[in-house]
RNA sequence: CGGGGAGUGGCGCAGCCUGGUAGCGCAUCUGCUUUGGGAGCAGAGGGUCGCAGGUUCGAAUCCUGUCUCCCCGACCA
């Protein structure tokens, strides 16, 4: 993408409304604009990141055997009356009425709707297990939205729902999601720590929150140093059996981890030398709730013995729009965002230092074409801005690497390849720069100019 | 919802106390000079001063009402 044709409204100054670093950087980098309290417009750069995260979450859900559906944002209140939650939910739920004065609502979550779909179409244990997910916008009328997209009222969430005949099956489904979450956050370049969550009045034995570590995270977390030695991808074969999944969950939940609300320094079982203190952001929550909805809503299946039993359910959420902010909280510096390669809006950047110079522009255009042939999505700064402004902009939007080409370097036969994370700059020949880029992005460098032409 | 604060060109702010018809920096546009870490000079465009009433010859400024936004707290992906 040529920057001259892109829509990237950068801000030099920090808008007064933004308090935390991810919010400030998202505004400055032209990713989002606030529309009203807790509601945001996603601009091209922000949307790209949102979609990258969404896609990784989707791939890991599919891999774990979940099936994607898409449910409406506006729901009828009827189902909510049936489950008893219409009155229980409180003012967090945005209630609206249509022209016929029917009670509607903008969905804060979808348990009722998915249960309704299930009960209308699934009657036999032979159709189980079933796991349906969606990636859809939700609305919760928070008392006080804050922290930009980290705590908006409107937010994009992946939520899924598992259906099993019995408790053992439900546990297997739960463990499969547990493992999928470890993979998902790992691919997003984040360190995630699962913590036992409060199951509230519903009870139930299984609920975990996934906290990702970020230096500017919202809450303090305390955890066993042993997490450092765990590999989120260990034992994650393509179709793990129940025992493997159980072992993964056991391994990750046997170590101590708690947020500051629960942590009691005096009663902490972890010796001081093993205890790590950090800050974290909750980005996922998984929950097994048995028959809480299936019973009142009559979602029953016939088992092998011919008996009708309410289906065992679990639900699993990942805050996708929140993750955009969370990734930035976890990865930034004074100059701007430092994207993990997997979610970066572009693979890298190309800077033409002298857009008015024919030779320099010729080389840049050529390099841009070559990077395209490599299959790379590159942001090409072909504008007439001054070098300083270009460098600052590139640092701000945080692409993993940038290739800078200017007349002075060309005279000496070199270009500059910069690594955003380390700040390391290498003045090397164009050929070796392209080779390094191909290497770090896992793409194949064309063997010859003819290959490029073809 | 309790406590604080703010609404003035796209962004950041001054002006308000002590009414006289709006200003600064950045950004934008034009021209020239520049060009390796947010350039210089010259010129230009852009504002119903959140909204509605009121006081006054005259309101960004004073009064009343109202809306919105931000921060702290309780609540949440």
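A compact globular protein would have a Cα radius of gyration near 2.2 N^0.38 Å; the ratio found for chain A is 1.11. Per-residue packing, averaged as other Cβ atoms within 10 Å, sorts the ranges A:341-353, A:17-29, A:235-247 into the order A:341-353, A:17-29, A:235-247, beginning with the highest. So if R0 is 30 Å, what FRET efficiency would residue A:87 and residue A:67 give, r being the distance between their Cβ atoms, rounded to the nearest 0.05? In this case the efficiency is close to 0.40. Is region A:59-113 best put as rounded, prolate or oblate by its Cα gyration tensor, with a ≥ b ≥ c the root eigenvalues, rounded for a/c under 1.5, and otherwise prolate when a/b is larger than b/c, oblate when not? Prolate shape, in that a/c is at least 1.5 and a/b is the bigger ratio. Measuring max minus min along each principal axis, the C-alpha atoms of region A:242-296 give extents of 47, 28, 22 Å (largest first).
The order of the peptides A:411-422, A:95-106, A:131-142, A:322-333 by mean Cβ neighbours within 10 Å, most packed first, is A:322-333, A:131-142, A:411-422, A:95-106. Counting every C-alpha pair in region A:236-378, the share spaced more than 17 angstrom apart comes to 81%. When the P(r) of region A:348-453 is calculated, the portion above 22 Å amounts to 24% of the C-alpha pairs. For the pair residue A:234 and residue A:435, label points projected 7 Å from Cα toward Cβ lie 3.8 nm apart. With R₀ set to 35 Å, the beta-carbon distance separating residue A:275 from residue A:55 gives a calculated FRET efficiency near 0.45. Modelled this way, with points 7 Å down the Cα-to-C-beta line, the labels at residue A:243 and residue A:14 are 5.5 nm from one another.
Between residue A:425 and residue A:36, the modelled labels are 4.7 nm apart [label points 7 Å from Cα along Cα→Cβ]. Pairwise Cα separations in region A:126-258 fall into 5 Å bins from 0 onward with the following percentages, short to long: 2, 8, 15, 19, 22, 16, 11, 5, 1, 0. Computed over region A:271-323, the P(r) curve from all C-alpha pair distances, binned at 5 Å from the origin, holds 4, 16, 12, 13, 11, 11, 10, 7, 6, 5, 3, 0 percent per bin.
Read-outs: derived from the displayed coordinates by stated rules, not from any lab. For clarity, every value in this text was computed on a predicted model and none was experimentally measured. Neighbour counts are summed over all protein chains in view; Cβ atoms, including those assigned to glycine, are modelled from backbone coordinates with ideal geometry.
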